[in-house]
Amino acid sequence: MSMEVSGNYKDYKNDYLERLQEGRDKAQEVKKEQGAANKSESIPALKDEYISSEKSGSRPSGLYRMGRDEDGNPKVLYDEPKKSGGADGKEQPQIGEDSPKKDEEECTANTDKVDREIRKLKEQKQQLEQQIKAAFGDEKKVRALEKKLSRIESELNQKDNDTYRRQNAVIYSRE
């Protein structure tokens with residue numbers, strides 16, 4: 001079974017577009033008829049409009065904004081509309097908290113375990129490089145060692161960075 005597709009798109013009819021155009025034409029005719037009689041009574045259509053905070057002159061209440069925490073990391077801050085001093089960023093109110101601020105919790109991150117793991121991988125890499133140099137004549141052994149070395153190097157590339165250290169750090173909290 002064969003099928004022929006016409007490549008000329010002008011042959012296709014689209015009833016929707018025709019109906020839409022007819023509706024627009026009718027609306028324009030009605031406007032022209034009513035426009036002459038009711039020009040003074042016409043109300044402009046309402047449109048949404050962006051007004052920047054600089055142009056508006058007043059600062060809206062209940063804003064989320066980007067700020068920095070004590071360590072300089074980016075943080076989302078919320079300015080409550082009821083608090084007048086919250087907008088300056090000195091006091092960071094918490095949503096849904098009615099009672100006074102609780103004592104701050106102090107946390108410590110320990111990355112010793114991750115550092116040991118990375119140090120072990122680096123030692124294995126050095127040992128394999130030495131074994132490859134020692135097995136210079138035996139190509140089979142050299143290929144097997146190079147394969148192990150590439151696996152260890154890729155693992156080391158994954159783990160020897162700050163992101164991995166933060167994700168796998170042990171966190172202790174002191175109250």
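The values are calculated or read from the model by the stated rules, or taken from the named source; none is laboratory data. It should be emphasised that the depicted structure is a prediction, and the values quoted were computed from it without experimental measurement. So basically every Cβ, Gly included, is an ideal-geometry build from the backbone, and we count neighbours across all protein chains shown.
Some observations on this one:
- Flag if ALA169 is in contact with a strand residue (DSSP E or B) (Cβ under 6 Å, 6 or more places away or on another chain) and either surrounded by 14 or more Cβ atoms within 10 Å (Cβ to Cβ) or not aliphatic (A, V, I, L, M) (or both): yes
- Residues satisfying the criterion are present in region 139-160 (criterion: assigned to a loop (DSSP other than H, G, I, E, B), at pLDDT 90 or above and on the phi < 0 side of the Ramachandran plot).
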